[in-house]
Amino acid sequence: MNRLIDIKDKSDEEWLLDLRNVADYQFGNGAGEGIFGGNVKIKRSRTGRVRQIYSGENYIATYTDGGRLALGLEGGKRLLNSLEFPAYRVVMNQESEMYIRDGKNAFSKFVIDADPEIRPKDEVMVVNENDILLAVGKAKISSDAMMDFNTGVAVKIRFGEKA
């Protein structure tokens, strides 16, 4: 049977279950319901594969070709509310906050704390000392390296949360 036909025949509800499973695998139990709970709208590619996921006009995430989720700000907010601290968080000092909110990369020298489980290429939430979301992005180095290095990019910021 042709795989493309199967994908095109898959309903949004079936895709949503798959996306919740991907989120649970990628971020831990409970993340799928946290990110994809409530009113969720799926946008598909021309082949029928899920590409972007929205809540109203708010962009939640992209389902990448690699089978992972790339978070938008709405997805970061939802994930922040569904995972206990310090899961998938990089805590930045106050000095760097305005730059990160502007979408500038997060540098290691300004990292105060980081989830010890963070590995390079993990999707992370960048927060301030009060656990308020500043941005979402992709870890460039492990959490140990973020804490040890005084130079270099710790997180490549995708979206910053304007103040």
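Exactly one residue out of A106, A70, A61, A87 is within 17 Å of V126 (Cβ to Cβ), hydrophobic (A, V, I, L, M, F, W, C) and open to solvent by 20 Å² or more (accessible area, probe 1.4 Å): that is A87.
Within the option set K121, K156, being assigned to a loop (DSSP other than H, G, I, E, B) and either out of contact with any Gly (no Cβ under 6 Å at 6 or more places or on another chain) or closer than 20 Å to A61 by Cβ (or both) holds for one residue only, K121. Figure legend. Inter-residue proximity from the range 116-145: first residues of a type in the set (K, R), second residues open to solvent by less than 50 Å² (accessible area, probe 1.4 Å), beta-carbon distance below 7 Å, spacing 6+ or different chains. Indicated pairs: R119/A139; R119/S142; K121/A139; K138/E123; K138/V155; K140/V153; K140/A154; K140/V155.
Conditions (1) β-branched (V, I, T); (2) assigned to a helix (DSSP H, G or I), marked per residue:
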{"position": "K8", "(1), (2)": "no, yes"}
{"position": "V22", "(1), (2)": "yes, yes"}
{"position": "G34", "(1), (2)": "no, yes"}
{"position": "T47", "(1), (2)": "yes, no"}
{"position": "I53", "(1), (2)": "yes, no"}
{"position": "G67", "(1), (2)": "no, no"}
{"position": "G75", "(1), (2)": "no, yes"}
{"position": "V91", "(1), (2)": "yes, no"}
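It is to be established whether one or more residues within the range 28-48 are over 30 Å from K8 (Cβ atoms) and not small (G, A, S). Yes, the range 28-48 contains at least one residue that is over 30 Å from K8 (Cβ atoms) and not small (G, A, S). Between E123, E117, the distinction of being loosely packed, with under 13 Cβ neighbours inside 10 Å and either at pLDDT 95 or above or of a type outside the set (G, A, S) (or both) belongs to E117 only. Quick check, is R119 within 22 Å of K77 (Cβ to Cβ) and charged (D, E, K, R)? No: the conditions fail for R119.
Candidates are the residues of the range 3-28 that are open to solvent by 80 Å² or more (accessible area, probe 1.4 Å) and at pLDDT below 95; the one that is nearest to R68 (Cα to Cα) is E14.
Determine whether K138 is assigned to a strand (DSSP E or B) and closer than 28 Å to R44 by Cα. Here the answer is yes, as K138 does meet what is asked. With respect to the conditions (1) under 17 Å from the mean Cα position of the chain (by Cα); (2) modelled with pLDDT of 95 or more; (3) not hydroxyl-bearing (S, T, Y), G66 lacks only one, and its number is (2).
Checking each residue in the range 126-141 for being surrounded by fewer than 18 Cβ atoms within 10 Å (Cβ to Cβ) and in contact with a helix residue (DSSP H, G or I) (Cβ under 8 Å, 6 or more places away or on another chain) picks out N128, E129, D131. For A87, state whether it is outside any helix (DSSP H, G or I) and closer than 21 Å to G30 by Cβ. Judged against the criteria, A87 is a match. Among all positions in the range 133-144, there is at least one residue which is farther than 17 Å from Q26 by Cα, modelled with pLDDT of 95 or more and not hydrophobic (A, V, I, L, M, F, W, C). Looking at the structure I just gave you, is G34 within 30 Å of I132 (Cβ to Cβ) and modelled with pLDDT under 95? Taking the combined requirement at face value, the residue does not satisfy it.
The values are calculated or read from the model by the stated rules, or taken from the named source; none is laboratory data. Predicted model only: the values in this text are computed from it and were never measured. Cβ sites come from the backbone with ideal geometry, for glycine too, and all protein chains shown count toward neighbours. To get the accessible areas, we keep the full protein, side chains included, count just its heavy atoms, and leave off ligands, DNA and RNA. Shrake-Rupley method; radii C 1.70, N 1.55, O 1.52, S 1.80 Å.
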